[in-house]
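Here is the structure we will look at, set down as structure tokens.
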């Protein structure tokens with residue numbers, strides 16, 4: 001965030017400095033004018049309009065000096081405060097020129113116009129000579145913005161180097177104010193003031209402008225509105241002397257053309273309507289707006305349009321960038337409180353709404369504050385922070401995906417409760433797998449080889465689990481703890497768990513093929529599956545937690561797995577019943593797991609049909625009668641440790657993975673044994689007997705007979721012992 005705020009602010013300011021945002025900011029100003037409530041009609045100003053209808057009645061345009069003299073005389077008799085003639089009259093139009101000159105000379109409150117500025121498509125126009133001599137002329141020049149609209153006007157225009165002329169609008173306002181004792185003059189800093197209002201001259205970078213032309217003494221026009229905001233009188237009504245005196249008396253009366261044929265029409269902020277063609281405003285109405293602005297500021301305290309200093313605008317933009325960055329940065333914590341999660345999703349929209357509201361309310365108070373760069377700052381900050389968070393989340397997914405499933409990562413990163421401690425009760429199918437005799441194999445291999453073997457095995461199993469949409473809770477050494485039903489529960493969790501177990505056993509052939517190519521030992525895996533209600537959720541502390549499942553059914557799954565031999569899949573009765581599918585059961589056995597009150601039945605799975613169609617291959621290993629029998633010593637293992645005494649026994653029959661054990665001692669079904677083959681059993685001294693390396697096996701069946709006989713399944717055979725047993729077979 002500390003990088004995003006200055007970076008985004010810098011980019012926005014650079015875009016602004018290049019001028020790329022200027023038209024957008026000016027268009028936003030136009031919309032603020034359109035959204036502002038309508039202001040009351042200014043009763044101090046009246047406009048005499050010359051329309052197409054008036055021209056048609058006169059049957060002449062430009063109309064004669066006699067007609068204009070009569071028009072001014074009819075207004076003059078009602079004693080207006082000032083008359084503004086927004087018509088070029090530098091040349092005589094007979095008849096009646098002498099009469100018009102007389103009217104000009106005898107009307108001290110009459111202000112004429114002249115055009116001062118010159119451009120590629122316009123030229124200066126001289127004023128009426130008599131009015132110029134009497135200093136009753138003002139400049140009617142406007143300032144066109146790059147989009148052709150008028151948003152600024154002159155109070156003075158440079159007529160010649162070092163010589164300025166007041167604008168037409170200001171001279172009319174000055175007449176009105178002077179009659180009412182309101183002073184207008186220059187401040188010591190040569191700023192124009194009227195009453196208590198100082199008209200600060202426009203600067204090139206004010207508001208949304210960038211390097212704008214600042215010739216003359218310009219101000220921003222705080223429009224009152226269109227022609228509807230002023231009293232209007234059509235020209236023929238005045239010529240026919242039908243004007244009520246109160247409409248003119250003590251008012252500023254402007255005379256101007258609004259006819260389409262005269263082309264004295266301009267685009268203004270009120271031309272920016274969204275749903276209708278743009279309308280142009282007559283020049284005389286623009287002058288009326290400026291006169292109204294000067295009068296209202298000087299007499300009524302109506303605010304001019306102010307802009308912030310450039311440094312304050314930079315802080316304004318940076319402030320909104322910072323707000324958006326903070327909100328976006330906090331989104332990463334939105335999962336921490338589910339009650340406010342939805343609200344936080346809309347915080348950026350709320351911030352944007354506050355920005356619009358703040359700019360709008362400021363505009364109502366007379367301040368033009370940049371909206372576009374601040375809005376772009378919010379958008380840019382949100383995009384940059386969220387892009388960073390998305391990139392971080394992708395990296396987190398990539399990293400965590402090596403340790404957790406995509407579903408668990410998504411639950412942690414995306415859901416409101418994903419990181420909350422606690423859990424919920426849910427029916428889950430738990431699959432536990434473990435390599436048989438891996439500890440013994442690990443003791444005989446260098447650590448690097450052990451890691452290689454584990455990575456090959458775990459990588460292959462993880463692919464299978466992922467294919468069947470299981471969730472790997474964790475790798476426990478050479479064991480795998482898989483969940484079906486958490487964090488996402490599906491109707492076929494049990495079926496997929498069984499199919500996954502069969503697919504895992506089938507994948508062991510590929511794993512062992514790779515092991516043999518790398519000179520690694522062949523490994524075997526046992527799988528146990530159980531289904532039941534457990535607690536699912538995040539367990540731990542605020543500093544370190546883990547998504548897992550907890551409950552007696554998880555422990556039972558681990559017990560079931562411990563009963564398996566290599567290549568075997570055992571499932572509980574609950575799992576078989578819950579699956580309710582075409583499952584091939586090859587056998588069953590009753591066991592009494594530690595911590596379980598009553599015996600339970602386990603089922604050995606040979607495959608699953610239906611859409612899965614996965615079956616373990618049938619293996620019929622040939623048996624060899626051993627003559628003479630093979631002498632051995634063994635101990636019974638409890639977990640990983642030997643308990644009890646050292647017992648004697650013999651192997652009478654042998655296959656590739658199993659053997660028949662004769663012993664004088666009774667053994668429990670599924671007991672784990674550690675065996676030592678005796679290669680010199682006839683020595684009287686036990687120390688002289690040659691014992692083989694450790695061989696591990698599990699009791700799988702008790703055989704009938706007068707003497708204790710048991711079928712054992714080898715779980716780990718050292719290479720040297722494997723050679724001996726192979727030679728015996």
>> From Cα pairs below 8 angstrom and at least 6 apart in sequence, can you work out the relative contact order of region 435-510, rounded to a whole percent?
In response: 27 percent
> Which value in deg cm²/dmol, rounded to the nearest 500, describes the helix-derived mean residue ellipticity at 222 nm for the chain, given -39,500 (n - 2.57) per DSSP H run of n ≥ 4 and division by the residue count?
Replying inline: -11000 deg cm²/dmol
> By its C-alpha gyration tensor, with a ≥ b ≥ c as the square roots of the eigenvalues, how is region 498-579 shaped: rounded for a/c under 1.5, else prolate for a/b larger than b/c, else oblate?
Replying inline: oblate
> Once the Cα atoms of helix 4-17 and of the chain are each reduced to a long axis, what angle between those two axes, in degrees from 0 to 90 to the nearest 10, is obtained?
Replying inline: 30 degrees
>> If each residue of separation counts as 0.36 nm, what is the full-extension length gain between residue 390 and residue 11 once their alpha-carbon separation is subtracted?
In response: 134.3 nm
> Using a basic spin-label model with each label point 7 Å from the Cα along Cα→Cβ, how many nm lie between residue 550 and residue 280?
Replying inline: 8.0 nm
>> So if I take the centroid of the Cα atoms in region 585-664 and the same for region 5-28, what is the distance between those two points in Å?
In response: 78 Å
>> Sort 661, 265, 669 by Cβ crowding within 10 Å, fewest neighbours at the top.
In response: 669, 265, 661
> Label-point separation (nm) for residue 679 and residue 704, each offset 7 Å from Cα along Cα-to-Cβ?
Replying inline: 4.0 nm
> How far is it, in nm, from the label point at residue 627 to the one at residue 460 when both lie 7 Å from their Cα along the line to the Cβ?
Replying inline: 4.0 nm
> Which whole-number percent is the relative contact order of region 624-728 (Cα, under 8 Å, 6+ apart)?
Replying inline: 24 percent
>> I need 466, 135 ordered by Cβ neighbour count within 10 Å, fewest first.
In response: 135, 466
> On full extension of the chain, what length is gained from residue 584 through residue 93, given 0.36 nm per residue of separation minus the C-alpha to C-alpha distance?
Replying inline: 165.3 nm
>> Quick check: the angle from helix 310-330's long axis to the longest principal axis of the chain, C-alpha only, nearest 10 degrees?
In response: 30 degrees
>> Relative contact order for the chain: what percent, with Cα pairs under 8 Å and sequence separation of 6 or more?
In response: 10 percent
> Can you sort 605, 523, 210 by how many other beta carbons sit within 10 Å, fewest first?
Replying inline: 210, 523, 605
> Computed from these coordinates, which is P(r) over Cα pairs in 10 Å bins from 0, in percent: (1) 3, 13, 23, 26, 21, 12, 3, 0; (2) 2, 11, 15, 12, 8, 7, 6, 6, 7, 7, 6, 5, 3, 2, 1, 0; (3) 2, 13, 21, 23, 18, 11, 7, 4, 2, 1, 0, 0?
Replying inline: (2)
> For the pair residue 349 and residue 249, what calculated FRET efficiency results from E = 1/(1 + (r/R0)^6), where r is the Cβ-Cβ distance and R0 = 45 Å, to the nearest 0.05?
Replying inline: 0.25
>> Which of the three applies to region 78-206, rounded, prolate or oblate, going by the alpha-carbon gyration tensor with a ≥ b ≥ c and a/c under 1.5 meaning rounded?
In response: oblate
> Rounded if a/c is under 1.5, else prolate if a/b beats b/c, else oblate: with a ≥ b ≥ c from the C-alpha gyration tensor eigenvalues square-rooted, which is region 419-615?
Replying inline: oblate
> For the Cα atoms of the chain, what angle does the longest principal axis make with the long axis of helix 65-76, in degrees from 0 to 90, nearest 10?
Replying inline: 80 degrees
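FYI, it's all coordinate maths here, none of it is from the lab. Only a predicted model underlies this, so the values are computations on that prediction, with no experimental measurement involved. Because the Cβ atoms are built from the backbone with ideal geometry, glycine has one as well, and the counts that use them run over all protein chains shown.
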